[in-house]
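Right, one structure below, let's go through it.
All of the numbers you see were taken from the coordinates with simple rules; none came from a lab. None of these values were measured; they are calculated from a predicted model. Neighbour counts run over all protein chains shown; Cβ positions are idealised from the backbone, glycine included.
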Amino acid sequence: MVVGFSGGMDSTVLLHALLQAFGTRVHAVHVHHGLQADADAWAAQCSDVCRQWQVPLDVVHVQVTENGHGLEAAARDARHAAFAGVLQSGDAVVLAHHQDDQAETFLLHALRGSGPDGLSAMPAWQARGDTFVWRPLLDVPRAQLEDYARTHALTWIEDPSNASTRFDRNYLRNTVFPLLQARWPQAAAALAHAAELQSETRVQHDVRTAQQLDACRLPGADLSVDALMRFAVQDRARMLRAWVNTLGLPPLGRAHLQHIERDVLAARHDAEPAFNWGNAQILRWRDVLHASLRAAPMSMPVVPWDGQRPYPLPDGRQWRLSLPLTFPQAYTVVSRKGGERIQLPGRRHRTEVKKLLQAMGVPVWQRKPLMLLVDASGEVHAIPGLAMSETLSKWLQAQGAELVIDAKIDPATLD
């Protein structure tokens, strides 16, 4: 087990207690954030303590980068990344969060208007991939840790930033909680218990939400808008949050959900609305709701294709002629940008590719990355697997050949 050891009182007590219980199974990791002038001295003090106690220690230097959620959140993300880099499969990182931390977190999230997800208690045991997080002190008040530290004559680092009420958590800890506990001595325990009750509520909601999502799922990871709209707006909010979470996308905030309700779900059936947040997107096409990361614009080199060799497409497929032939004119494969036209077999006028794709029922998220076969003038002669121009179609028929798309490139065909 690996103890997150900042050198403060909480983690010093935790490391000392675990050492008595587990001996040589205990290791420690100190994350050097570089945010305080004394950061080097703190790392040195942690090294001295671990050397004295004969505990292996890793000091991990991190770069704290603002993530839009404040310095505290950025530092926490950096710590988690540092722990992940030290842990091996099956390891647990042991953290010194205690009952007062639980109560402070609950009150902070309540003041921010959080629902059951935010108000839920920090779990004592939590799986993260093939490693674990263990918080054995969640039922222990800070005062009990102070008693332990004094009894065992422990020394620890006092972080001066903990006294600054500039940070919300410090303001609660140093200003609000003393007032609460003066009136209600069990305030921390009561708030921590409320957090546990919210955890139970969240579990119940999660089960119900999963069942509701199943009723809306389409093949793949998409949702049916009509099915989604049968649920109350509060249920839809939980369903959308759970849906994007299962897809590994950034979480949706309340303002995000309001935009989705107004601009996407309430849009006309023939509209093609989109909502972007972070690096993700939600797109609607008819009854289908689709969510994914926003793909970076494809940069395809403009390379003429004479048909003699297969042409590899960006999605891993390849275009090829079914017979060893050469096209009767020069073609180029380009990425779709908009405004292109194609003259379909039997049509006197050219058709806009966008309208053709709409008429064929191609969802908007499948249209943008399409590749097109064009001639020197830019006129489209083929859309992979979907359409072909009259000119190219007649030539292929005369040759008894086909324009084929292979699902995967066969390396032998590229020799």
- Query: Using a basic spin-label model with each label point 7 Å from the Cα along Cα→Cβ, how many nm lie between ASP287 and ASP38?
  - Reply: 6.5 nm
- Distance between modelled label sites at SER224 and ARG183, nm, 7 Å Cα→Cβ extension: 5.2 nm
- Note on the structure: Note to self, the chain gives a 222 nm [θ] from helices alone (DSSP H runs n ≥ 4, -39500 (n - 2.57) apiece, / all residues, nearest 500) of -11000 deg cm²/dmol
- With 20 Å bins from zero, work out the P(r) of the chain over every alpha carbon pair and list the percent per bin. 20, 38, 27, 14, 1
- Note on the structure: the chain: antiparallel bridges as % of DSSP beta bridges, rounded to 5, reads 70 percent
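Please report, in debye to the nearest 20, how large the charge dipole of segment 262-391 is about its Cα centre when each Lys and Arg carries +1 at its beta carbon and each Asp and Glu carries -1 there.
With Lys and Arg at +1 and Asp and Glu at -1, about 220 debye.
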- Message: Test of understanding: extend the Cα→C-beta vector of ASP58 to 7 Å, then name every residue of segment 15-50 with backbone N under 12 Å from that spot.
- Response: 27-31
- Angle, helix 233-246 long axis vs. longest principal axis of the chain, Cα atoms, 0 to 90°, nearest 10? 80 degrees
- Under a plain spin-label model, where a point goes 7 Å from the Cα along Cα-to-Cβ, how far apart in nm are HIS259 and ARG112? 1.9 nm
- Message: To test your reading of the geometry: what angle, between 0 and 90 degrees and rounded to tens, separates the Cα axis of helix 390-399 from the longest principal axis of the chain?
- Response: 70 degrees
- Message: Rg over Rh of segment 215-293, using C-alpha atoms and the Kirkwood radius, what does it come to?
- Response: 0.90
- Query: What shape does segment 168-220 take by its C-alpha gyration tensor, where a ≥ b ≥ c are the square roots of the eigenvalues and a/c under 1.5 counts as rounded, a/b above b/c as prolate, and the rest as oblate?
  - Reply: prolate
- Query: Taking a point 7 angstrom from the Cα of SER89 along the C-beta vector, which residues in segment 109-147 have backbone N less than 16 Å away?
  - Reply: 128-132
- Subtracting the Cα-Cα distance from 0.36 nm times the residue separation, let me have the gained length for GLN234 to ALA210 in nm, one decimal. 7.2 nm
- Length-normalised contact order of the chain in % [C-alpha pairs under 8 Å, at least 6 apart]: 10 percent
- Task: Please work out the C-alpha center-to-center distance from segment 215-237 to segment 3-44 and express it in whole Å.
- Result: 47 Å
- When ranked by the protection proxy of mean other Cβ atoms within 10 Å per residue, highest first, what sequence do the peptides 91-101, 352-362 form? 91-101, 352-362
- By how many degrees, 0 to 90 and rounded to 10, does the Cα axis of helix 39-53 deviate from the longest principal axis of the chain? 60 degrees
- Note on the structure: Using alpha carbon centers only, segment 174-214 is separated from segment 123-150 by a whole-angstrom value of 17 Å
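Once you have the Cα-Cα distance between GLU146 and MET360, take 0.36 nm times their residue separation minus that, and quote the gain in nm to one decimal. Please report the intermediate quantities before stating the final value.
Working: separation 214, 0.36 × 214 = 77.04 nm, distance 7.02 nm.
So the chain would gain 70.0 nm between GLU146 and MET360.
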